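This report refers to the structure that appears directly beneath it.
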Amino acid sequence: MDRRTFLAASGLTVAGTLAGCSAPSDNQQGDGDTATDSGQTDDSATAVTVETVVDGLESPWSVTPLPDGSQWLVTERVGRVVLVDPADGTVTPVTGAPSVYASGQGGMLDTALHPDFPDPALVYLTYSKANDSGESATHLGRGRLNAADAQFDSFEQLHVAEPFVDSDGHFGSRVVFGPDELVYMTVGDRQFKDFGSDHVAQDRTNELGTTLRLTPSGGIPDANPFTDDPDAVDSIFSYGHRNAQGMTVHPDTGAIWQTEFGEQDGDEINIVERGANYGWPVADEGCTYGSGDPIGVSHADRDDVVAPVYSWDCGSGGFPPSGATFYTGDAFPEWTGDLLVGGLASQYLARFTVDGRTVEEAMPLLADRGWRIRDVVVEPETGNVLAAIDSPDAPIVRLRPARIG
């Protein structure tokens with residue numbers, strides 16, 4: 001296996017102008033200058049302007065532009081869903097969303113629009129919720145959005161990833177529709193630390209450490225890989241995951257791509273295959289917190305697991321990857337087909353060139369801001385890039401081509 005490792009990106013940053021609702025802070029260069037950034041593998045420089053569209057959000061977790069570009073649907077992990085007007089940054093709370101278990105890493109998490117939105121105007125939400133014993137689980141539900149009145153006219157729970165667990169971490173929770181118009185949803189391993197073959201992520205009798213595939217109404221597709229296995233849960237599409245918090249669909253191949261948190265380092269980018277085992281924790285490129293000891297063996301040492309297409313090996317410093325999307329807009333034509341991934345502890349937005357299964361880091365963006373990047377999407381109308389910052393008092397920023405001269 002080609003173990004691709006993270007290369008530090010010191011000095012390669014994008015400085016930009018900041019406009020919007022608030023004055024620039026110390027780590028936001030608001031002097032009107034625009035910098036060019038040559039990146040690690042680019043032959044030509046790319047000039048990017050960064051502007052704040054909305055500020056003051058409380059731990060935004062996902063941003064989903066409505067198809068006509070008039071509003072963005074944003075979740076705040078503390079338990080809110082809001083609509084943002086990108087023209088002026090106005091924030092309007094959406095009523096009728098479910099109550100959530102907003103503790104630790106849990107709360108109101110991801111959103112996905114029905115493939116035929118706005119007819120029907122169905123929005124899918126992932127969120128954590130607790131049972132009467134205080135144990136929590138990742139949930140999937142859907143509501144009919146009335147954007148004009150900023151409310152869900154109805155909302156129903158579709159699926160609960162069981163079992164409920166006494167833990168506040170590793171909910172996974174990214175959700176997308178695949179090209180088959182089925183729902184793909186990530187579920188974390190809930191921080192179980194028994195790093196062996198009995199780990200929950202290697203046990204297909206539960207839904208932890210998995211990618212689930214469901215019908216739009218929450219049912220089980222007949223073509224799921226384990227429907228005929230009495231020792232496996234029918235909803236599982238792939239397993240052996242630690243905590244995937246980024247997921248997107250390749251615009252050309254239709255393949256599901258994920259970004260996944262490792263333990264200490266060991267972060268991954270994966271192409272998700274039907275019925276595949278991604279190894280956690282029996283095969284991994286990371287190490288245990290503190291000790292630096294390997295976790296399991298390398299993916300290359302087992303023929304029953306699928307290796308990541310890109311990984312940050314033990315000792316690399318890691319990346320902690322969150323939201324991800326392929327660039328398909330017109331604003332940055334040189335980025336077409338590249339994978340954009342938000343970095344949390346690494347505090348920058350990464351761009352990767354993609355050629356089949358060959359993935360190489362190309363350009364760090366927003367590396368001078370001190371921002372944890374929780375989600376990244378492309379605006380459908382403009383092709384500009386939106387990044388949601390992970391903070392209790394956070395902006396969503398827009399990256400657009402700089403006007404030179």
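Every read-out reported here was derived from the displayed coordinates using simple, explicitly stated rules and does not represent laboratory data. Everything quoted here is computed from the prediction, not taken from an experiment. Ideal geometry is used to build each Cβ from the backbone, glycine not excepted, and the neighbour counts take in all protein chains shown.
Please rank K129, K193, fewest neighbouring Cβ atoms within 10 Å first, as an exposure proxy.
So the residues, fewest neighbours to most, are K193, K129.
Could you please rank E360, E76, placing first whichever residue has the fewest other Cβ atoms within 10 Å of its Cβ?
E360, E76
Taking every pair of alpha-carbon atoms in the stretch 119-217, what share in percent sits in each 5 Å bin, from 0 to the bin with the longest distance?
Over the stretch 119-217, the share of Cα pairs per 5 Å bin runs 3, 13, 21, 21, 18, 12, 8, 3, 2, 1, 0 percent.
May I ask you to evaluate 6.51 cos²θ - 1.76 cosθ + 1.60, the Karplus curve with θ = phi - 60°, for each residue of the stretch 341-357 and list the ³J(HN,Hα) values in order in whole Hz, giving x for glycine and proline?
Taking θ as phi minus 60°, the curve returns 9, x, x, 8, 4, 6, 6, 7, 9, 9, 10, 10, 7, 10, 9, x, 9 Hz for the stretch 341-357.
Using θ = phi - 60° and the Karplus form 6.51 cos²θ - 1.76 cosθ + 1.60, what ³J(HN,Hα) does each residue of the stretch 68-75 get, whole Hz, x for Gly and Pro?
7, x, 6, 8, 10, 8, 10, 9
Ratio to report: Rg/Rh of the stretch 279-384, with Cα atoms as the point set and Rh obtained by the Kirkwood method; give two decimals.
Rg divided by Rh gives 1.03.
Would you kindly state how much longer the chain becomes between S99 and T358 on full extension, computed as 0.36 nm times their sequence separation minus their alpha carbon distance, in nm to one decimal?
Full-extension gain reported as 89.1 nm.
Percent relative contact order of the stretch 304-405, based on C-alpha pairs within less than 8 angstrom and at least six residues apart?
22 percent
Which value, in debye to the nearest 20, describes the size of the charge dipole of the chain about its Cα centre when Lys and Arg Cβ atoms bear +1, Asp and Glu Cβ atoms bear -1, and nothing else is charged?
Dipole magnitude for the chain comes out near 540 debye.
Bin all alpha-carbon pair distances of the stretch 37-149 at 10 Å intervals from 0 and give each bin's fraction as a whole percent.
Using 10 Å bins, I get a P(r) of 13, 38, 26, 16, 6, 1 for the stretch 37-149.
A345 to E156: extension gain in nm, 0.36 nm per residue of separation minus the Cα-Cα distance?
64.6 nm
Let me see the pair-distance distribution of the stretch 147-284: every alpha carbon pair, 10 Å bin width, integer percents in order.
Using 10 Å bins, I get a P(r) of 12, 43, 33, 10, 2, 0 for the stretch 147-284.
Have a look at S99, I269, M247 and report the one farthest towards the positive end of the charge dipole of the chain, computed about the Cα centre with Cβ charges (Lys/Arg +1, Asp/Glu -1).
S99
Just grab the label-to-label distance for T92 and D194, each label 7 Å out from Cα along the Cβ direction, in nm (one decimal).
Distance between label points: 5.1 nm.
Would you mind calculating the relative contact order of the chain from Cα pairs under 8 angstrom and at least 6 residues apart, reporting the percent as a whole number?
16 percent.
With a point put 7 Å past each Cα toward its Cβ, work out how far S70 is from N131 in nm, to one decimal.
Here the modelled spin labels are 4.3 nm apart.
So how far, in whole Å, is the C-alpha centre of the stretch 356-374 from the one of the stretch 224-262?
Each part reduced to its Cα centre gives a spacing of 23 Å.
What is the gain in length, in nm to one decimal, between D85 and V297 on full extension, counting 0.36 nm per residue of separation less the C-alpha to C-alpha distance? List each step's numbers first, then the result.
Details: separation 212, 0.36 × 212 = 76.32 nm, distance 4.86 nm.
Stretched out fully, the D85 to V297 stretch lengthens by 71.5 nm.
Which residue, chosen from P333, A367, F352, occupies the Cα position most advanced towards the positive end of the dipole of the stretch 332-374, where the dipole is computed from +1 (Lys, Arg) and -1 (Asp, Glu) charges on Cβ about the Cα centre?
Of the candidates, A367 comes out farthest on the positive side.
List the residues, sorted by chain then number, that are 5 or more residues from F237 or on another chain and whose placed amide H is less than 5 Å from its amide H.
T211, L212, R213
Spin-label point model (7 Å from Cα, Cβ direction): what's the D166 to D252 distance in nm?
5.1 nm
Treating the beta-carbon of each Lys and Arg as +1 and of each Asp and Glu as -1, no other charges, what is the dipole magnitude of the stretch 113-214 about its Cα centre, to the nearest 20 debye?
Details: 8 positive and 17 negative charges, 38 e Å.
The calculated dipole for the stretch 113-214 is roughly 180 debye.
Whole number please: convex hull volume per residue, Cα atoms of the stretch 347-405, in Å³.
Considering the Cα atoms of the stretch 347-405, their hull volume per residue is 132 Å³.
Step through the residues of the stretch 221-232 one at a time and calculate ³J(HN,Hα) from phi using the Karplus curve (6.51 cos²θ - 1.76 cosθ + 1.60, θ = phi - 60°), rounding each to whole Hz and writing x for Gly and Pro.
Along the stretch 221-232, the couplings run x, 4, 8, 4, x, 10, 5, 9, 9, x, 9, 9 Hz.
Over the chain, with a Gaussian network built from C-alpha contacts below 10 Å, which listed residue (G79, G337, G356) shows the highest mean-square fluctuation?
G356
Using the scaling law 2.2 N^0.38 Å as the reference, what is the normalised Cα Rg of the stretch 67-113?
Ratio of Cα Rg to 2.2 N^0.38 Å: 1.22.
Any idea what the dipole of the stretch 193-318 comes to, in debye rounded to 20, about its Cα centre with Lys/Arg Cβ at +1 and Asp/Glu Cβ at -1?
Details: 6 positive and 23 negative charges, 65 e Å.
Dipole size: approximately 320 debye.
Whole Å is fine, so just give me how far the alpha carbon centre of the stretch 194-209 lies from that of the stretch 96-122.
The stretch 194-209 and the stretch 96-122 have Cα centres separated by 27 Å.
Give me, ordered by chain and number, the residues 5 or more places off G96 or on other chains with an amide H under 5 Å from its own placed amide H.
For G96, whose amide H was placed from the backbone, the distant partners under 5 Å are F152.
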